[in-house]
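Working notes, structure below.
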Amino acid sequence: MSLKHIIKPFSAWSNVFRDPVTVKDPLNDRPGAARYRGFHQNDIESCIGCGACSTICENEAISLVPVDGIETKEGDSGLRPLVDYGRCCWCALCVDVCSTESLKLSNHYTWVGEDPEAFKFIPGVDKMPWDEEELGWKRPEDNYELNNFKRISMLELTPEARDKSFIEIVKGYSKQEAQEEADRCIECGLCISTCPAHMGIPEYIAAIREDDINEGFKKLYETNPLPEICGRICTHKCETVCAMGHRGDPLSIRWLKRYIADQIESDDYKKVLELDSIENKDQKVAIIGSGPAGLSAAYYLRKLGYQVKIFEALPEAGGMMRYGIPEYRLPYDQLDKDINLILNLGTEIQYNTRIGKDISMEELQKSYDAVFAATGLHDGRSTRIPGTDHEHVYMAADLLRDITSSKEIPVMEKVLVIGGGNVAMDITRSMARLQNQKFGRVQVIATALEGEEILPADREEIVEAREEQAVINPGWGPTEIVIEDGKLKGLLVQRCLSVFDENGGFAPKFDPEDTDFFPADMVIESIGQGANLSYIPQSVKDELEYTDRGRIKVDSHFQSSAKWLFFGGDIIEGPDVIHGIANGHKAAIGIDQFIQETQKK
Amino acid sequence: MKNKLFNISPDRSKYPTIGKDGKPEIDLSSGKFVKIWQGPNHPGVTGNMSLELTVSGDEVVDAKTHVGYLHRGFEKLFERRKYIQCFPTSIRMCVPEADSNEYCLAVGTEKLAGIDVPDRAKWLRMLTLEMSRLQMLLRIVPGQGGTMGLGIGVQWGMYLRDLILDRFEELTGGRIYHMYILPGGVRGGLPEGFETRLEENLKDIEKFVHRIDNVLYQNAVFRKRAMGVGYLDPSWVDEYGVVGSNARAAGFKRDVRKDNPYLFYEQLDWEVPIKTESDIYTRARIRWYDLQVTIDLIRQILAKIPKTGDVRAKTPNVMHWKIPAGQTYVKSESSRGEFGFFMVSDGTDKPRRINLRGPSYTHAVPLLERMLINTNIADVGALMVSLQTCPPEIER
């Protein structure tokens with residue numbers, strides 16, 4: 001102990017001459033730092049109510065609630081997050097996982113209020129002083145992600161390896177790839193409501209993650225008895241609304257579905273689905289057409305025990321799935337895998353039988369308790385321009401059917417396809433393959449009214465068709481098929497300026513000055529298909545009611561005004577496979593109800 | 001080590017009598033003893049903890065630590081949270097120095113999952129861990145004076161600590177609970193101009209280091225009260241598992257950063273300060289040296305942090321991130337000493353068990369109970385703070 005130790009502490013007196021450092025709040029309030037995790041902001045317009053914020057919240061401070069003025073629509077649950085500041089710990093994980101980047105935290109950090117309930121609020125809906133503030137916590141730099149926004153790429157055949165044959169292009173996921181892709185799912189369920197069949201998508205994706213394929217397979221069959229088919233050629237509306245698509249690639253839901261179905265051997269189907277014994281009922285149901293809707297209805301009706309008989313006009317089952325979709329997209333063995341289960345359940349099928357010709361509708365009505373007609377759209381529509389009556393003008397649907405039936409196809413040197421939809425792409429690519437086989441080169445042109453941006457075909461179809469050397473030249477309206485000395489020379493076209501009017505109605509406008517000529521030896525029309533309902537006798541037709549657009553009117557269970565007769569598939573809704581499957585399922589429920597009610601009476 | 005000249009220890013020849021089990025026989029009805037409670041709400045206690053003291057006169061003859069005022073069950077809560085959801089909870093296990101919790105949890109998860117984090121994230125983790133140590137030392141260094149009635153340095157320390165918290169706010173978005181280090185990496189790089197502002201703060205802190213030396217360590221009153229008091233026998237260090245500055249003041253060169261280097265501490269140039277007197281003064285003095293070492297380390301880290309690069313490794317979707325089954329123990333050096341997490345995964349997306357091995361459990365329960373005997377009541381607070389006990393970490 002020395003004098004030094006007594007004197008030195010007095011150096012603290014030097015502070016007397018220093019300015020105070022205290023911040024006097026609120027007189028000179030200091031703003032929060034630029035990254036401060038303050039109060040929530042939400043851009044309710046870009047928010048889709050996917051609920052990722054709510055799922056990640058460790059304190060269960062976020063719940064999703066309906067909000068006035070926000071409607072539930074495709075890709076938007078219509079719900080918005082409500083934050084409870086009695087629970088929130090401001091970790092901002094909700095911001096980091098937000099799939100649309102709509103949720104942020106402002107750097108505002110003082111909120112004084114008397115009402116405890118006010119501290120539960122819906123950011124963006126309940127107006128707050130910090131709503132417009134720019135600063136605050138946002139998801140950090142681009143390389144910071146709590147999820148993977150890149151799709152696991154799919155192994156596909158190169159254009160050189162596929163353009164001469166009809167072997168399947170897409171190879172399917174391996175187990176590891178499927179699990180990695182399934183891992184990206186945030187289980188928001190927006191896809192469920194968009195899927196026409198309302199498949200339990202997050203559930204079967206979860207089954208892939210858990211590697212419980214049997215469970216996933218059962219989930220598929222709850223709503224869709226054609227998973228191998230849908231896993232390949234579904235129009236995957238689910239992927240267009242996938243929450244992951246806002247900041248990255250949507251999940252490849254379709255390929256994941258295919259992955260599950262691919263893992264199960266055909267022989268194990270019954271065992272996995274626990275369908276070994278079905279209790280039979282006495283009632284009989286007739287189904288006209290073995291397309292997706294007919295097969296789907298047959299599966300669910302058979303599962304309920306009904307005696308089901310399908311009448312098919314063509315020699316094999318599958319409808320447009322077999323006779324419309326080319327083999328490189330949907331191989332016949334995979335098609336048969338799905339169909340065989342339905343037939344193996346005891347469903348009867350009579351091929352080469354056309355209703356109205358081989359058997360009359362009245363006979364069906366007499367012999368069966370209910371009839372489900374899902375006859376589809378098989379009659380190609382014509383442009384009806386001059387020259388379409390030439391023998392080298394064909395319908396796409398007819399040619400595709402002939403390809404499947406292994407009939408001889410007229411493959412000429414220069415082929416022209418009119419149409420820009422998926423069927424047009426199917427015939428374009430099929431003809432390209434056949435030309436390659438015959439001539440070793442491709443000379444196919446597809447032209448359509450619609451411009452490049454609004455072509456109705458799937459983008460991948462257009463890209464792949466071009467990879468296979470087909471020429472897609474959109475934005476032209478056909479005016480005349482030029483025929484000289486009875487020989488088809490080509491197609492005259494004029495520039496199409498717009499296809500639809502302001503209301504979205506079909507009203508193409510042309511520029512007659514801007515014309516072109518596509519030389520061709522054969523022309524294939526593929527501008528859509530129509531239904532052939534001639535099998536319905538007039539007495540029944542009189543009983544039916546029709547919608548404004550001329551379609552047969554059915555209720556939510558696809559029951560027509562003739563109570564014993566149900567309609568579904570492309571003739572009612574679509575045209576696509578998944579709508580057909582959904583129709584068939586609902587119709588099966590409707591038929592079951594109808595028969596049960598009739599029994600009671 | 002006791003100062004012979006000022007030794008005023010009472011005559012213990014008559015009582016308490018020591019029983020056959022070696023423990024004092026205390027008969028409260030004899031009138032020679034009084035039980036008093038220090039805490040749970042007491043300025044001399046660090047947080048919500050209480051000491052049941054049996055005193056004779058103003059001398060402590062027996063002491064017992066009581067906890068239970070702060071139990072939040074975090075270790076149980078972890079078992080119901082996904083790995084990513086644990087880090088906002090983990091920080092509350094040791095409130096004043098929250099980053100060690102985040103760090104251990106993140107590293108444990110990464111070890112179990114077998115992922116490596118980018119270098120930039122590792123440097124940023126080091127920066128936050130050192131800044132966290134700095135703000136803690138700015139509390140505890142002058143705080144030691146506070147326990148003996150010398151309040152003057154405390155405001156200085158708190159002001160400077162707030163400046164560091166400002167930097168934390170800029171970097172991490174939070175002042176106390178930073179929630180910055182998460183499994184896979186960190187949540188962002190340095191903001192614009194951060195280094196300059198932090199350097200200014202470090203200069204202020206260097207001035208403080210000098211001023212607190214004059215006011216506290218060179219203060220005759222503090223020296224008289226702290227030197228030779230609260231002696232921690234070096235033989236207890238291994239017996240009790242004493243770590244950190246408490247062990248370093250007893251002559252043990254213990255620092256996880258040197259003994260089991262983690263992150264990039266091997267790339268930094270520094271020495272572990274040690275002393276041997278092992279009393280309240282020495283422990284406080286060691287922290288004063290730690291303060292200077294920490295300033296130096298932060299400068300070295302700032303010079304080496306990469307400006308670009310990823311801040312987070314690619315991980316699976318955190319919403320269902322399953323960690324392979326296994327167990328691990330990860331540790332770091334907090335300002336109080338070795339701070340470790342034992343983690344067990346059963347292969348699901350939630351941890352099976354996370355257990356914290358914090359220094360305070362040892363320091364504030366068995367060690368403190370032993371060291372309090374024969375202490376003057378007035379020195380209980382000083383002794384406790386000199387061990388740098390942290391009740392939230394004992395109970396979590």
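The values are calculated or read from the model by the stated rules, or taken from the named source; none is laboratory data. Just so we're clear, the structure is a prediction, and the values are computed from it rather than from any experiment. Note that we place each Cβ from the backbone using ideal geometry, even for glycine, and neighbour counts take in every protein chain shown. Note: accessible area is taken over every heavy atom of the protein model, side chains too, but ligands, DNA and RNA are not part of it. Shrake-Rupley method; radii C 1.70, N 1.55, O 1.52, S 1.80 Å.
If r is the Cβ-Cβ distance from B:Val344 to A:Asp514 and R0 is 60 Å, what FRET efficiency results, to the nearest 0.05?
0.20
In peptide B:316-327, how many Cβ atoms from other protein chains are near each Cβ within 10 Å, on average?
5
Where both residues lie in chain A, what percent of DSSP beta bridges are antiparallel, nearest 5?
The antiparallel proportion sits near 50 percent.
Could you list the residues of the stretch B:281-321 with an amide nitrogen less than 15 Å from a label point located 7 Å from the Cα of A:Ser14 in the Cα-to-C-beta direction?
Within reach of a label on A:Ser14: no residues.
For the stretch A:273-407, just say rounded, prolate or oblate: build the C-alpha gyration tensor, square-root its eigenvalues into a ≥ b ≥ c, call rounded for a/c under 1.5, and beyond that prolate if a/b exceeds b/c, oblate if not.
Cα axes put the stretch A:273-407 in the oblate bin.
Could you rank A:Leu455, A:Leu449 by how accessible they are, 1.4 Å probe, largest area first?
A:Leu449, A:Leu455
Going 7 Å from the Cα of B:Lys207 in the Cα-to-Cβ direction, what parts of the stretch B:154-180 have a backbone nitrogen less than 16 Å from that spot?
B:155-164
Given A:Ala92, A:Ile571, A:Pro66, which one lies farthest toward the positive end of the charge dipole of the protein assembly as shown, if we put +1 on the Cβ of every Lys and Arg and -1 on the Cβ of every Asp and Glu?
Working it through, the farthest residue towards the positive pole turns out to be A:Ala92.
Can you tell which of A:Met395, B:Ile394, A:Ser405 lies farthest toward the positive end of the dipole of the protein assembly as shown, using +1 and -1 charges on the Cβ of basic and acidic side chains (Lys, Arg; Asp, Glu)?
In the protein assembly as shown, that residue is B:Ile394.
Please give me the summed charge of the neighbours of A:Ile483: other residues whose Cβ is under 12 Å from its Cβ, Lys and Arg +1, Asp and Glu -1.
Here the charged neighbours net out to -4.
Which order do A:Lys366, A:Lys303, A:Lys407 take by accessible area at a 1.4 Å probe, largest first? Let's see the in-between values first.
Working: A:Lys366 170, A:Lys303 95, A:Lys407 120 Å².
Descending order: A:Lys366, A:Lys407, A:Lys303.
Run the dipole for chain B about the Cα centre, Lys and Arg Cβ at +1, Asp and Glu Cβ at -1, nothing else charged, and hand back the magnitude in debye, nearest 20.
Its charge dipole is roughly 400 debye.
How large is the dipole of chain A about the Cα centre if only Lys and Arg carry +1 and Asp and Glu carry -1, each at its Cβ, rounded to the nearest 20 debye? It would help to have the intermediate numbers written out before the result.
Working: 67 positive and 100 negative charges, 178 e Å.
That gives chain A a dipole magnitude of about 860 debye.
Give me the Kirkwood hydrodynamic radius of the stretch B:12-66 in Å, from all C-alpha pairs, to one decimal place?
12.2
Could you give the distance between the Cα centres of the stretch A:212-262 and the stretch B:158-175, to the whole Å?
With the stretch A:212-262 and the stretch B:158-175 each reduced to a Cα centre, they are spaced 49 Å.
To the nearest 100 Å², how much accessible surface do chains B and A cover up together, summed over both, with a 1.4 Å probe?
It comes to approximately 3800 Å² buried between B and A.
Below 8 Å between Cα atoms, with a sequence gap of 6+, how large is the relative contact order for the stretch B:75-393 in percent? Kindly include the intermediate steps, with their values, before the conclusion.
Values: 560 pairs, mean separation 86.1, N = 319.
Once divided by the residue count of the stretch B:75-393, the mean separation gives 27 percent.
Loop-only check: which chymotrypsin sites (Phe, Trp or Tyr not before Pro) in the stretch B:329-396 are DSSP coil with at most 16 other Cβ within 10 angstrom?
For chymotrypsin sites (Phe, Trp or Tyr not before Pro) across the stretch B:329-396 that sit outside H, G, I, E and B with at most 16 neighbouring Cβ atoms in 10 Å, the list is empty.
With the contact rule set at Cα under 8 Å and sequence spacing of 6 or more, what percent relative contact order holds for the stretch A:380-528? The partial results should precede the final answer.
Values: 323 pairs, mean separation 47.1, N = 149.
Relative contact order, the stretch A:380-528: 32 percent.
What number comes out for the charge environment of A:Lys309, summing +1 per Lys or Arg and -1 per Asp or Glu over other residues with Cβ under 13 Å away?
-2
What is the stretch B:254-396 by shape, rounded, prolate or oblate, if you read a ≥ b ≥ c off the alpha carbon gyration tensor as root eigenvalues and call it rounded for a/c under 1.5, prolate for a/b larger than b/c, and oblate otherwise?
Oblate shape, in that a/c is at least 1.5 and b/c is the bigger or equal ratio.
Quick check: pseudo-label points 7 Å beyond the Cα along Cα→Cβ at A:Asn59 and B:Tyr69, how many nm apart are they?
2.4
Could you work out the relative contact order of chain A, using alpha carbon pairs under 8 angstrom and six or more residues apart, expressed as a whole percent?
Working: 1189 pairs, mean separation 73.0, N = 601.
Relative contact order, chain A: 12 percent.
For chain A, build the charge dipole from Cβ charges (+1 Lys, Arg; -1 Asp, Glu) around the Cα centre, then report which of A:Pro386, A:Pro225, A:Gly319 sits farthest towards its positive end.
A:Pro225
Per residue in the stretch B:203-220, which ones lose no less than 10 Å² of accessible surface when going from chain alone to all protein chains (1.4 Å probe)?
Residues losing area: B:Arg211, B:Asn214, B:Val215, B:Gln218, B:Asn219, B:Ala220.
Distance between the C-alpha centers of the stretch A:1-62 and the stretch A:474-530? Whole Å please.
Each part reduced to its Cα centre gives a spacing of 70 Å.
Using only atoms on other chains, find how many Cβ atoms lie within 10 Å of each Cβ of peptide B:167-178 and report the average.
The shielding value for this peptide is 5.
Once fully extended, how much extra length lies between A:Asp282 and A:Ala118, figured as 0.36 nm per residue of separation less the alpha-carbon to alpha-carbon distance?
Details: separation 164, 0.36 × 164 = 59.04 nm, distance 6.24 nm.
Gain on stretching A:Asp282 to A:Ala118: 52.8 nm.
For an R0 of 45 angstrom, estimate the FRET efficiency from the Cβ-Cβ distance between A:Glu348 and A:Lys541 and round to the nearest 0.05.
Once the sixth-power term is evaluated, E becomes 0.95.
Can you give me the accessible area per residue for the protein assembly as shown, using a 1.4 Å probe, in Å²? Please report the intermediate quantities before stating the final value.
Working: 42450 Å² over 997 residues.
Accessible area per residue: 43 Å².
With every protein chain kept in the model, how would you rank B:Asp238, B:Asp58, B:Asp379 by accessible area, 1.4 Å probe, largest at the top?
On the way: B:Asp238 105, B:Asp58 75, B:Asp379 20 Å².
Ranking B:Asp238, B:Asp58, B:Asp379 by accessible area, largest first, yields B:Asp238, B:Asp58, B:Asp379.
Please find the FRET efficiency linking B:Ile373 to A:Ala34, where r is the Cβ-Cβ separation and R0 is fixed at 45 Å, and quote it to the nearest 0.05.
After rounding, the FRET efficiency stands at 0.25.
With all protein chains present, calculate the accessible area of B:Leu387 using a 1.4 Å probe and round the result to the nearest 10 Å².
Accessible surface of B:Leu387 is approximately 0 Å².
Can you bin the stretch A:251-313 into rounded, prolate or oblate? Criterion: square roots of the alpha carbon gyration tensor eigenvalues sorted a ≥ b ≥ c, rounded for a/c under 1.5, prolate for a/b above b/c, oblate for the rest.
Cα axes put the stretch A:251-313 in the oblate bin.
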